[in-house]
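The numbers here are math on the coordinates, done by the rules we state, and not lab data. Everything quoted here is computed from the prediction, not taken from an experiment. Cβ coordinates were reconstructed from backbone atoms using ideal geometry, including for glycine residues, and neighbour counts include every protein chain displayed.
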Amino acid sequence: MIHTFDVVIVGAGGAGLRAAVEIPKEYSCAVISKVFPTRSHTGTAQGGVCAALSNEEDDNWLNHAFDTVKGSDYLGDQDSIEIMCQDAPRAVIELEHMGMPFSRTPEGKIAQRKFGGHTKPEDPNDPNSKRVAVKRACYSADRTGHVMLHTLYENCIKNHVQFFSEYFLTDLIVEDGICKGVVALDISTSEVHIFHCKAVMFATGGYGRVYRITSNAHVGTGDGVALVYQSGLPLEDMEFFQFHPTGLWKLGILVSEAARGEGGILRNANGDRFMEVYAPTVKDLAPRDMVSRAIISEIRAGRGVKGSDGTFYINLDLTHLGKKIIDEKLPEITGFARTYLGVEPTKESVPIQPTAHYAMGGIPTNSDTEVYSDSKGNLVKGFYAAGECACVSVHGANRLGTNSLLDIIVFGRRGGKKIAEYLKTAERTAFTGDPSEKTKEKISKILNQSGNERTSVIRRELQENMMEKCGIFRNEKELKEMKELIKQYKERYNNISLQDKGTVFNTDMMETVELANMLDIAETICDGALNRTESRGAHTREDFDKRDDANWMKHTLIWKGKDGSGTTIDYKPVAKTRFEPMERKY
Amino acid sequence: MQVTFKILRYNPEKDSEPHFEEYTIEGAPTMTVLDCLHKIKWEQDGTLSFRRSCAHGVCGSDGMKINGRNRLACGTLLKDINTNKVITIEPMPSMPIIKDLVLDMSDFYAKNKSVIPYLINNNPPPADGERLQSNEDAEMLFESAKCILCACCTTSCPSTWSNENYMGPASLLKAYRFVFDTRDEAADERLDIIDTPDGIWRCHTIFNCIEACPKEINITWHISQLKKKLSDREL
């Protein structure tokens with residue numbers, strides 16, 4: 001079946017929905033999503049969305065920009081970071097006007113709380129004075145992402161946006177540098193649908209599921225990012241993957257930084273507040289990459305708490321906050337601790353461990369979400385990307401907490417605006433062949449191949465080894481082993497035989513297509529990590545433990561190898577405006 | 001520990017009607033029912049279909065009937081149910097089955113849309129700031145805004161079972177979310193929509209919705225506030 005639209009947005013999380021709201025009514029717009037929109041992963045964001053509103057204390061957007069640049073370990077593009085932080089107050093106020101419910105200050109303004117890595121100079125007249133934590137994260141209890149997602153979905157209902165829910169993206173059609181549409185399967189029937197349009201936006205989210213312990217939903221398999229790579233286009237900075245320091249032990253379910261923003265403290269087996277050693281000024285509110293490394297370092301030094309199964313964790317102590325703060329400001333995450341670990345956070349510490357959380361890398365775009373086709377700044381006509389799947393890059397080597405919700409509303413809107421401008425003159429270009437051919441081949445191959453491999457077995461091995469060899473600490477030996485393993489998984493993939501050969505809601509087949517996507521994503525993370533011989537932000541090489549600005553102050557672009565195997569790497573400079581790189585201490 | 005599940009299966013391509021199939025797995029008290037379904041799907045029977053995403057009770061994808069009660073599979077741990085007996089898993093009632101535990105929820109979503117589920121305020125907002133709202137007024141919305149649209153409440157309601165046109169507790173809760181928002185101006189329009197025989201008056205305060213809600217929302221209380229508002233309006 002062929003559908004004709006002006007614009008097709010793939011993904012119905014915050015970025016996709018915000019872009020959809022922005023498309024003027026005179027243009028036809030479809031949003032395709034693997035899940036019903038409110039099931040999208042934006043809904044699991046908890047602690048807040050940052051903007052220098054100064055509702056609780058003096059602040060300004062330059063403080064926010066400085067923190068974001070420093071948090072990115074100077075790999076973030078400063079021009080885009082300035083755009084995002086300057087636009088943040090407007091973007092958050094706009095959400096309020098759309099109906100998003102926020103926690104409030106006594107004056108009735110949007111309430112704000114502290115968050116990791118968000119600071120301001122202690123002396124407002126001296127920008128070089130010691131920096132202290134600042135209340136910048138705007139929040140709605142600890143359900144900020146949930147109410148944001150629902151508010152944006154509701155505004156899409158208001159604007160009569162057309163949804164194709166439970167449609168699974170299988171192909172991106174780019175011919176002669178022009179993006180002409182996408183192909184997707186209706187999951188409930190397996191029918192192939194071609195979407196022929198003038199503009200495509202990917203807002204397809206992240207890929208935390210390549211790791212064993214992750215806060216990411218099962219749907220976070222990086223389908224959009226992988227399709228870009230499979231289409232012969234480059235991906236940017238894939239080696240930078242953030243581990244959130246506080247996932248529930250063994251489960252990886254997110255415990256928001258808001259827990260520490262409200263005063264929670266990390267303690268090792270001796271009961272010591274170890275972050276005082278690693279980040280003397282902001283302590284537990286250091287950025288995520290540093291706290292995650294600190295946790296693993298404590299465990300490696302023998303100061304982890306030994307769990308019932310012999311694995312180690314660290315304690316997150318909230319007991320001193322009191323029941324009132326816990327119930328009012330952290331109800332959701334303390335509920336998770338009770339449900340899943342049987343721990344009562346008002347009385348005992350919550351066992352945590354770092355959890356794979358956020359992809360800083362992704363589809364390279366400019367600050368208007370237009371997708372780059374190479375390292376020289378050329379664009380793919382009619383193709384846009386926003387949100388976690390994109391790499392603008394505003395997060396560089398490490399994202400600050402709350403900047404992801406900000407990223408999706410700022411760049412979702414900018415993308416929508418840019419698309420609207422493009423549509424004024426754009427034309428729908430004819431396909432050169434049958435665009436559904438590749439999808440049909442891919443599906444029929446998976447359904448008909450035989451062998452004794454199972455999707456779930458290969459996926460589990462991939463996830464466990466990515467955790468071990470390509471996680472928080474990395475080195476050449478293990479990365480090379482991982483590279484070899486991925487090659488083997490790709491071979492074994494051809495011997496997977498499915499049990500479900502039907503056409504109705506065949507999730508067996510869908511998971512198998514997702515696995516192919518995950519294998520490609522893992523390949524780019526691993527090769528990028530092996531190639532980058534320095535430590536920066538979330539990428540920590542034990543064999544190259546210093547940041548190396550002379551050689552590595554640049555973005556990685558990675559392509560699928562020309563002969564269909566391996567990868568090709570090139571680089572792109574980091575955009576600098578006013579912030580000079582310095583040593584990253586907190 | 002060995003745990004046995006009896007799962008309702010239905011594949012419209014093969015089956016004329018739904019039937020149960022049994023699976024036994026090695027479980028542990030801390031495993032969720034979703035973990036168990038994954039274990040069955042990934043190790044025994046890849047043809048089993050169900051929806052899931054976040055796996056910790058936020059996305060609302062995996063509502064199903066577990067031992068006769070509507071719950072989220074990801075929010076139900078084995079230690080909280082009787083594992084000495086066979087555990088029965090069925091799709092939630094009152095919605096057409098697409099396959100196995102996957103339901104066609106389009107009617108549920110359409111009812112959610114019918115209550116005008118978005119803020120309406122025709123006065124321009126302040127040019128440079130938020131609309132003010134007291135924290136108390138904001139918190140009046142928080143419980144209703146917790147709703148994850150899992151449909152556990154609506155499909156557990158006897159009024160829904162006996163009348164497919166009933167709006168159901170989830171859409172009434174959504175109506176509350178906006179009627180009681182101090183920033184909203186369309187309360188009357190929404191009250192008109194729910195003030196119908198198949199609307200709010202079909203709620204006979206049976207409380208099944210509260211028992212079923214995985215987010216522990218006191219749905220009946222919220223509906224009672226709407227009823228009160230309607231009766232105040234008549235005065």
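Key figures for this structure:
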quantity	calculated
√(5λ) per eigenvalue of the Cα gyration tensor, the stretch B:106-234, largest first, Å	26, 16, 13
For peptides A:114-127, A:140-153, sequence by mean Cβ density within 10 Å, most packed first	A:140-153, A:114-127
Ordering of B:71-84, A:3-16 by packing [mean C-beta count within 10 Å, highest first]	A:3-16, B:71-84
Gain on full stretching of the segment that runs from A:Thr568 to A:Asn128 - 0.36 nm per residue minus C-alpha separation	154.2 nm
Nitroxide proxy distance, nm - points 7 Å out along Cα→Cβ at A:Lys477 and A:Thr4	6.2
Gap separating the Cα centres of the stretch A:555-572 and the stretch B:55-129, nearest whole Å	43
Residue-averaged [θ]222 nm for chain A, counting only DSSP H segments that reach four residues, each worth -39500 (n - 2.57)	-10500 deg cm²/dmol
Distance in nm between pseudo-label sites at B:Leu132 and A:Lys585 (7 Å out along the Cβ direction from Cα)	4.5
Helical contribution to [θ] at 222 nm, DSSP H n ≥ 4, -39,500 (n - 2.57), averaged over chain B, rounded to 500	-9500 deg cm²/dmol
Cross-link pairs beyond the 20 Å C-alpha cut-off, checked among A:Lys135/A:Lys283; A:Lys442/B:Lys99; A:Lys120/A:Lys585; A:Lys180/A:Lys440; A:Lys130/A:Lys554	A:Lys442/B:Lys99; A:Lys130/A:Lys554
A:Glu464 versus A:Asp327: modelled label distance in nm, points set 7 Å from Cα along the beta carbon direction	4.3
Rg/Rh for the stretch B:1-139, where both radii come from Cα atoms and Rh is the Kirkwood radius	1.15
Residues A:Val219, A:Val504 arranged by fewest to most Cβ contacts within 10 Å	A:Val504, A:Val219
Average other protein chain Cβ within 10 Å of Cβ, residues B:117-127	4
Per residue convex hull volume, Cα atoms of the stretch A:181-254, in Å³	127
Whole-angstrom gap from the stretch A:108-173 to the stretch A:366-428, using each part's C-alpha centre	17
Extension gain (nm, one decimal) between A:Asp374 and A:Lys424, 0.36 nm per residue minus Cα-Cα	15.4 nm
Whole-angstrom Cα spans of the stretch A:437-549 along principal axes, big to small	53, 26, 19
Inter-centroid distance (Cα atoms) of the stretch A:12-76 relative to the stretch A:444-493, Å	32
Modelled FRET efficiency - R0 22 Å, B:Glu21 with B:Asp80, Cβ distances, 0.05 increments	0.40
Residue order, fewest to most surrounding Cβ atoms within 10 angstrom, among A:Phe195, A:Phe240	A:Phe195, A:Phe240
Square roots of 5 times each gyration tensor eigenvalue, C-alpha, the stretch A:245-356, largest first, Å	20, 17, 12
Signed unit charges on C-beta, dipole axis of the stretch A:292-433, positive-most listed residue A:Phe312, A:Ala390, A:Ala301	A:Ala390
Value of relative contact order over chain A, rounded to a whole percent, pairs C-alpha under 8 Å and six or more apart	21
Neighbouring partner chain Cβ atoms per residue of A:98-110, average, 10 Å criterion	6
Amide H contacts of A:Gly361 (H built 1.01 Å from N, under 5 Å, at least 5 apart or other chain)	A:Phe240
About the Cα centre, charge dipole magnitude for chain B (Lys/Arg +1, Asp/Glu -1 at Cβ), debye	440
Semi-axis lengths (Å, descending) of the ellipsoid that matches the C-alpha gyration tensor of chain B	38, 19, 16
Hull shadow area, averaged, the stretch A:53-162 [alpha-carbon convex hull, nm²]	8.4
Stokes-Einstein D (µm²/s) once Rh is taken as the Kirkwood radius of the protein assembly as shown over alpha-carbon pairs, at 10 °C in 1.306 mPa s	59
Positive-pole candidate from A:Phe473, A:Val513, A:Thr533, dipole of the stretch A:437-549, charges at beta carbon	A:Val513
Inter-chain shielding of B:139-145 (mean C-beta neighbours from other protein chains, 10 Å cut-off)	4
Sorted by Cβ neighbour density within 10 Å, fewest at the top, the residues A:Arg113, A:Arg460	A:Arg460, A:Arg113
Fraction of beta bridges assigned by DSSP in the protein assembly as shown that are antiparallel (%, nearest 5)	70
